[in-house]
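The values are calculated or read from the model by the stated rules, or taken from the named source; none is laboratory data. Only a predicted model underlies this, so the values are computations on that prediction, with no experimental measurement involved. Glycine also receives a Cβ, built like all others from the backbone with ideal geometry; neighbour counts cover every protein chain displayed. Surface accessibility is based on the protein's heavy atoms, side chains included, excluding ligands, DNA and RNA. Shrake-Rupley method; radii C 1.70, N 1.55, O 1.52, S 1.80 Å.
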Amino acid sequence: MIRKINSISNFHTNAKRTEMLITAMSKLKTYNWIYQQKAYDIHPKHHEAVKKSQDKELIKIEVSCSEHALISLSTNFEVYYKDLIQELLNKFSTFFTSKETKHKNIIGELVSSRKRNTYEIILNKLNIKNRFDVYDFFELFGIPFLTQDEKKIMEHIYIIRNQYVHNAGRKDKQTKIKLKKYPSPTHEGYLTTETKRLRTKFNRLIDKSYIRTMDYLNNYNS
């Protein structure tokens, strides 16, 4: 059998962690301003020096929070699609086992097993290793998981994620080539604003994807 799970609820819980990083950026700006005002009241002569030093540190913190928030988007996506496959196999097992695909026998074994299988076992059995395998899985069953435009947004997120994780934030030649193919959907140049807008687009993308996927399977079974 497949263990019951609510993928969209888990996604929203994980999304709150990203939200906290973005909230931290706004709050730190306020705290920084208050600190500078107090410094001015106590030592007016040193106000400019304090302001310059604090603003410099604030930029570093903002950049770090933005980078980690953007990285978390790809992490949230990976957790989401793993949870989603588990949820769908639990709720719509008949749909998946009725289709003549290369996964039919394996899914049948997972569904009929006495063990409550979770996505770790499911994805291993189905040989699903990354997002491209996930896309292929849904396409094999005709399920409209992501539109082409949504896939482009996800590719942009992964390019940025890899830039920070593997290249210390530097845009090498290969990254620049990829970004030309998959540019930012927000068209925003300022990092912190880009993070906020990309976060919003990503959250909406997942919500739409979930509704579209569930509608398709519910209507198929009706």
#### Entry: Every residue from segment 124-140 that is of a type outside the set (D, E, K, R) and exposed (fewer than 15 other Cβ atoms within 10 Å of the Cβ)
ASN124, ASN127, ASN130, PHE132, LEU140
### Summary
Restricted to segment 184-205 and to residues being in contact with a helix residue (DSSP H, G or I) (Cβ under 8 Å, 6 or more places away or on another chain) and either farther than 20 Å from SER66 by Cα or of a type in the set (D, E, K, R) (or both), the residue surrounded by the most Cβ atoms within 10 Å (Cβ to Cβ) is ARG199
### Summary
Among residues of segment 206-222 being in contact (Cβ under 8 Å) with a residue 12 or more places away in the chain and either of a type in the set (A, V, I, L, M, F, W, C) or in a loop (DSSP other than H, G, I, E, B) (or both), the residue surrounded by the most Cβ atoms within 10 Å (Cβ to Cβ) is ILE206
### Task
Would you be able to say whether some residue in segment 178-194 is polar (S, T, N, Q), over 15 Å from the mean Cα position of the chain (by Cα), assigned to a loop (DSSP other than H, G, I, E, B) and at pLDDT 95 or above?
no
### Message
Against the definition (of a type in the set (Val, Ile, Thr) and either closer than 18 Å to PHE77 by Cβ or touching a residue at least 60 places away in the same chain (Cβ under 8 Å) (or both)), how does THR175 come out, yes or no?
### Response
no
### Task
Please go through segment 99-123 and pick out each residue that is under 26 Å from THR75 (Cα atoms) and either exposed (fewer than 11 other Cβ atoms within 10 Å of the Cβ) or in contact with a His (Cβ under 6 Å, 6 or more places away or on another chain) (or both).
GLU120
## Note on the structure
A careful count of residues in segment 118-140 that are farther than 23 Å from GLU155 by Cα and not in a helix (DSSP H, G or I) gives 1
### Query
Does ILE143 satisfy being surrounded by 12 or more Cβ atoms within 10 Å (Cβ to Cβ) and not in a loop (DSSP other than H, G, I, E, B)?
no
### Query
Restricting attention to segment 169-222, which residues are among the hydroxyl-bearing types (Ser, Thr, Tyr) and within 15 Å of PHE145 (Cβ to Cβ)?
SER209, TYR210, THR213, TYR216, TYR220
### Message
Checking the conditions here, which among GLU67, GLU48 is assigned to a helix (DSSP H, G or I), modelled with pLDDT under 95, loosely packed, with under 13 Cβ neighbours inside 10 Å and not hydrophobic (A, V, I, L, M, F, W, C)?
### Response
GLU48
### Query
Out of all the residues in segment 14-29, is one or more touching a Phe, Trp or Tyr at 6+ places or on another chain (Cβ under 9 Å), modelled with pLDDT of 60 or more and under 14 Å from LEU84 (Cβ atoms)?
yes
### Residue within segment 149-163 that is over 21 Å from ILE22 (Cβ atoms), of a type in the set (Asp, Glu) and open to solvent by 80 Å² or more (accessible area, probe 1.4 Å) present
yes
